[in-house]
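For reference, the structure is listed below as structure tokens.
The values are calculated or read from the model by the stated rules, or taken from the named source; none is laboratory data. These numbers were taken from a predicted model, which means no experiment stands behind them. Note that we place each Cβ from the backbone using ideal geometry, even for glycine, and neighbour counts take in every protein chain shown. Just the protein is used for accessible areas: all its heavy atoms, side chains included, with ligands, DNA and RNA removed. Shrake-Rupley method; radii C 1.70, N 1.55, O 1.52, S 1.80 Å.
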Amino acid sequence: MATLPILTAPDPRLKKKSAPVDSVDAEVRQLMDDMLETMYAAPGIGLAAPQVGVLKRVVVLDIEREDVKTGPLFMANPEIVEASDEDLSYEEGCLSVPEHYGEVVRPAKVTVRYLDRDGKQQDMACEGLLATCVQHEIDHLDGVLFIDHISALKRNMILRKLLKARKEKERDEAEGKPAKDKEPAPA
Ligand code: NI
């Protein structure tokens with residue numbers, strides 16, 4: 001397994017729509033394993049393939065809370081087949097939008113259909129953080145970030161700060177300064 005570099009916004013690759021996989025073959029399984037290692041190392045609770053520059057509909061998740069312990073979940077071609085009318089507002093973060101958070105309203109309960117790591121079709125009922133996270137990751141496969149769900153004012157402010165941070169980091173690297181410690185961000 002290997003950790004992969006995570007793209008951060010604004011990056012045109014994060015805005016692209018990813019293609020479904022034909023099947024879960026050895027190459028897709030390798031991608032899933034590398035993505036899981038990358039997600040744990042970040043650390044995060046969800047990661048979508050376009051975040052590591054691979055435009056395939058592949059997602060990994062691992063949510064550990066008092067009420068939900070999923071263990072690692074691998075999903076190819078995930079789609080929401082059922083969503084509740086009831087909504088949930090959650091303060092989301094994203095490994096591709098480091099150190100920024102925003103309240104996003106989504107259906108509180110969803111059923112996701114996907115191919116697991118063995119290529120077997122699964123339907124999983126999700127609620128709470130898991131429902132939020134699954135929808136957040138599927139958004140990535142359609143080129144949508146959580147900041148696309150918040151006000152344009154806040155989104156543009158975050159993007160400006162990310163660009164500024166990136167420029168500072170590039171300048172520090174060019175001058176040979178050590179990297180700053182980064183705070184953990186979820187998905
Ligand atoms: Ni994300």
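Among the GluC sites (Glu not before Pro) in the stretch 14-68, which ones are in a DSSP loop with at most 16 other Cβ atoms within 10 Å of the Cβ? Mind listing them? Before the final figure, lay out each step's value.
Values: sites: Glu27, Glu37, Glu64, Glu66; in loops: Glu66.
Here the GluC sites (Glu not before Pro) that fit, given the DSSP loop and packing criteria, are Glu66.
Ordering Val144, Val58 by accessible surface, largest first, gives Val144, Val58; the 1.4 Å probe counts only protein heavy atoms, with every chain in place.
Of His136, His149, which has the most accessible area with a 1.4 Å probe, and how do the rest follow in descending order?
Details: His136 5, His149 90 Å².
Of His136, His149, the descending order of accessible area is His149, His136.
Going 7 Å from the Cα of Ile80 toward and past its Cβ, which residues in the stretch 126-151 have a backbone nitrogen under 16 Å from where you end up? Only 126-150 pass the distance filter.
Computed over protein heavy atoms with a 1.4 Å probe, the carbon and sulfur contribution to the accessible area of the stretch 18-108 reaches 47%. Heavy-atom accessible surface of Met124, to the nearest 10 Å², is about 50 Å², with a 1.4 Å probe and all protein chains retained.
Centre-to-centre, using Cα atoms only, the stretch 37-95 and the stretch 97-123 are separated by 5 Å.
Whole-Hz Karplus values for the stretch 125-140 come out as 7, 10, 9, x, 4, 4, 4, 4, 5, 4, 5, 4, 6, 5, 3, 4 Hz, taken residue by residue from phi with 6.51 cos²θ - 1.76 cosθ + 1.60 and θ = phi - 60°; glycine and proline positions read x. Each label was represented as a point 7 Å from its Cα along the Cα-to-Cβ direction; for Gln121 and Asp22 these points are 1.9 nm apart.
What is the antiparallel percent of DSSP beta bridges lying wholly in the stretch 12-155, to the nearest 5? If you can, show how the numbers build up before the last one.
Details: 26 of 27 bridges.
In the stretch 12-155, approximately 95 percent of DSSP beta bridges are antiparallel ones.
Across the stretch 22-36, computed HN-Hα scalar couplings (Karplus, 6.51 cos²θ - 1.76 cosθ + 1.60, θ = phi - 60°) run 5, 7, 8, 9, 4, 5, 5, 4, 4, 4, 4, 5, 5, 5, 5 Hz from first to last residue, x flagging Gly and Pro. Of the whole protein surface, Arg13 contributes about 110 Å² of accessible area at a 1.4 Å probe radius.
Only protein heavy atoms count here; on that basis, with a 1.4 Å probe, Glu91 has an accessible area of about 110 Å².
Legend: Rg and Dmax of the stretch 12-155, from Cα coordinates, 14.2, 43 Å.
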